[in-house]
1. Of all residues in region 146-164, count the ones that are in a loop (DSSP other than H, G, I, E, B) and within 16 Å of the ligand (Cβ to nearest atom).
2. Determine which member of the set Leu242, Leu283, Leu223 is assigned to a helix (DSSP H, G or I) and over 22 Å from the mean Cα position of the chain (by Cα).
3. What helices (runs of 4 or more DSSP H) lie completely within region 43-131 and have 1 or more residues being more than 16 Å from the ligand (Cβ to nearest atom) and aromatic (Phe, Trp, Tyr)?
4. Take Asn99 and decide whether it is open to solvent by 90 Å² or more (accessible area, probe 1.4 Å), more than 12 Å from the chain's Cα centre (by Cα) and under 25 Å from Asp221 (Cα atoms).
5. Considering only region 169-181, state which residues are surrounded by fewer than 21 Cβ atoms within 10 Å (Cβ to Cβ) and either within 15 Å of the ligand (Cβ to nearest atom) or assigned to a helix (DSSP H, G or I) (or both).
6. For region 315-323, state whether one or more residues are open to solvent by less than 50 Å² (accessible area, probe 1.4 Å) and within 24 Å of Asn99 (Cβ to Cβ).
7. Can you list residue pairs whose Cβ atoms sit under 9 Å apart, with the first residue in region 32-56 being closer than 23 Å to Thr10 by Cβ and open to solvent by 30 Å² or more (accessible area, probe 1.4 Å) and the second being at pLDDT 95 or above and within 11 Å of the ligand (Cβ to nearest atom)? Count only pairs 6 or more apart in sequence or on different chains.
8. Checking the structure you have, find out if any residue of region 182-204 is in contact (Cβ under 8 Å) with a residue 60 or more places away in the chain, away from the ligand (no atom under 16 Å from the Cβ) and open to solvent by 40 Å² or more (accessible area, probe 1.4 Å).
Amino acid sequence: MDMLPRQLPTPGTVMVRPLLLKPQWMNGLSERLLVSHYENDYAGALRRLNAIRARLAGLDWACTPGFETNDLKREELIAAGSVILHEIYFDSLGGHGDNPPTVLAEPPGRLAQVLQRDFGSVTGWRAEFTTMAKALAGGSGWAILAWSQRLSRLVNQWAADHAHSLAGAIPILALDMYEHAYHLDFGAKAAAYVDQVMANLNWDRIGARYRLAIGECTGEDELFLPFGAPAQEEARISAEELKAALEDIDEHRPVLLDLCLPRDLPRRRDMLVGASMHAPGALPRWIEELPRGRPIVVYCICGFQVSGTAVTELRRRGYAARALVGGITAWHAIGGATVPLDTSTYEEAS
Ligand SMILES: [Fe+2]
């Protein structure tokens, strides 16, 4: 059924991770802020990291002067730290499935016990962590909760920049204190931003990261997949793979379907080149126009259930359909080309 050969990006490429939080449904953190942070700052670091790694891969070490090695290796460290910490930050936020985060969420029992053991109480941990974060206001850096094997405990770790870490410790929660993380919504009120982040934590994912850090198998991969994305890997395509597939000019080039709920149209500005836009509810109409012999890639805003449900249905009917992981948001993040939104093919379900 899968006519789209797997076209993996260049070996060594660090691939974009999708947003797991639903940016339109957070408590007091706006979609504009979160998406700008993800597409510009996180993705900027990712693109920089890949560019530096490509440069490093092409170097002749014997002829490379020390100052050039120093520059590239320093920038690689900073970009890699930024990528990894941003991924932990975004993964640590968000609700459960379709439910927005509740301000009342608390660490799961096991993690609560460890926080109590290491900080006296969950409240004690929270006081130290948020005070540490707020103390970075006006500057930049990260507040990190990390597991240290050597110290046999969780630590609240101060970080002045992306490359500052406690040796050997594994971060399980990271709070971004760079101004770009809050300025759009909070201006200079960094303390208000810290409180709002704490009201949006996804403790299930933070707990899973803790179990991973202490070497317990998580077996909870679905926690780190966008809600509603198809479960089988062959029903999903990464932004990097899609970019490579679109360079094909033959029958392997995928047909692009842009699906958007009517209520989400105001959130849209652009679309992938050559895509046609439809309402998921009008599937009985637009499915008739789909070619049987071509691979199909379906995308929505962030790659949650809008594209996931449609891909499951298309595959059930025998189409070689895949959902774009992370949606057009991940596509933007890798610097994929888009054109202004064209809704001329959009017809709501009657
Ligand atoms: Fe950031």
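1. Number of matching residues: 5.
2. Leu283
3. 66-91, 109-119
4. yes
5. Tyr178, Glu179, His180
6. Taking every residue of region 315-323 in turn, at least one turns out to be open to solvent by less than 50 Å² (accessible area, probe 1.4 Å) and within 24 Å of Asn99 (Cβ to Cβ).
7. Arg48/Ser82; Arg48/Val83
8. yes
The values are calculated or read from the model by the stated rules, or taken from the named source; none is laboratory data. Quantities reported herein were computed from a predicted structural model and do not represent experimental measurements. So basically every Cβ, Gly included, is an ideal-geometry build from the backbone, and we count neighbours across all protein chains shown. Remember, those area values only see protein heavy atoms, side chains included, never the ligands or the DNA or RNA. Shrake-Rupley method; radii C 1.70, N 1.55, O 1.52, S 1.80 Å.
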